[in-house]
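Notes for the one structure printed next.
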Amino acid sequence: MNLTVRFDVDTWSCAHRGIPFLLDYAGQIGARFYFMVNMGRAVSRVMFLRNIMRGSNAAETTSKRIEKLGSLRRLGVDGYLHTAVLNPQVGRTAGHILRQAQRTGHVLGLHGGRNHGEWQWGAHGWSAARLRAEIGWGLAAFEQAGLERPSGFSSPGWNSPAQLPDVLIEQGFEALYDSHRSDELLDASLRLRGLHDINTAFAGEPGGVGYFENCLVRGIDAAAAAEHIVSILRSRPNAHGVVYDHPVFCEGVGQELFRATLDAVKLRGVNLMAPIFGSVA
């Protein structure tokens, strides 16, 4: 049984607080993690104000409140204010941390382009040319930071436009982590063109919430979370599952649940390793 723990690194706190904690913890338990890194800024103030003025997604936001934490609790007061007021670049300010992650056997992927918020709320309306420019910017930022070129991509907010796979194939990516489905077949035609459409089966709902965060809000303890993961993996021989969350949550308010769950799955024979694209559940 193999499990990839995928983290979306989309705030300064995720990069500067969360990843160092995770690298230390991974060394303790012999794990290798997958960090999907946004190299630009976390927040688009323009998109934030536009959504407020339009009153968009109000019903969806209300439904999600029982399934995930608010940003303030997830980031902590200091982290929330740091992101909201300063809005620093994420990956481009953490090159030394990301290089350490690669040196110690972890895998880095690209998570969007110049601005996480702009992609999350606006990418569905972008042209292929805009997508190329955003992804090209992210790849250039990886190179400028002295990092190995990423082969995997995930879209901020799970917002993957229809033309995105074509752009990723042009750019030489091997995997797109844009799915959080537990019972649907993925696109076999993409695999024939060299791009694996990876299903992140272990994500909270609605809307692809972090798995451990979702468990915490729903009152699911580590033993039950570990049992769920192991039972799914055992039902799919030779499968490689993917579980999703954020570094800052797993370093902060969710640390006890996160560590206890991974400790439990390790004891039950699950390997915590980098992805094998051709055999992911």
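Read-outs throughout are calculated quantities, based only on the coordinates presented, and are distinct from any laboratory measurement. Computed from a predicted model, the values in this text were never measured in an experiment. No Cβ is skipped: glycine too gets one built from the backbone with ideal geometry, and neighbour counts run over all protein chains shown.
The gain in end-to-end length when the GLN28 to ASN159 segment is fully stretched comes to 43.7 nm, 0.36 nm per residue minus the alpha carbon separation. Among 240-251, 142-153, sorting by the average number of other beta carbon atoms lying within 10 angstrom of each residue, highest first, gives 240-251, 142-153.
Given their separation in residues at 0.36 nm each and the Cα-Cα distance between them, ARG99 and SER235 gain 45.3 nm when the chain is fully extended. Residue-wise HN-Hα couplings along segment 193-198, as the Karplus relation 6.51 cos²θ - 1.76 cosθ + 1.60 with θ = phi - 60° gives them from phi, are 9, x, 10, 8, 8, 8 Hz; Gly and Pro carry x. Here's how it looks for ASN87: its modeled amide H is under 5 Å from none belonging to a residue 5 or more places away or on a different chain. Label-to-label distance for ARG218 and SER127 is 4.2 nm, based on points extended 7 Å past Cα in the beta-carbon direction.
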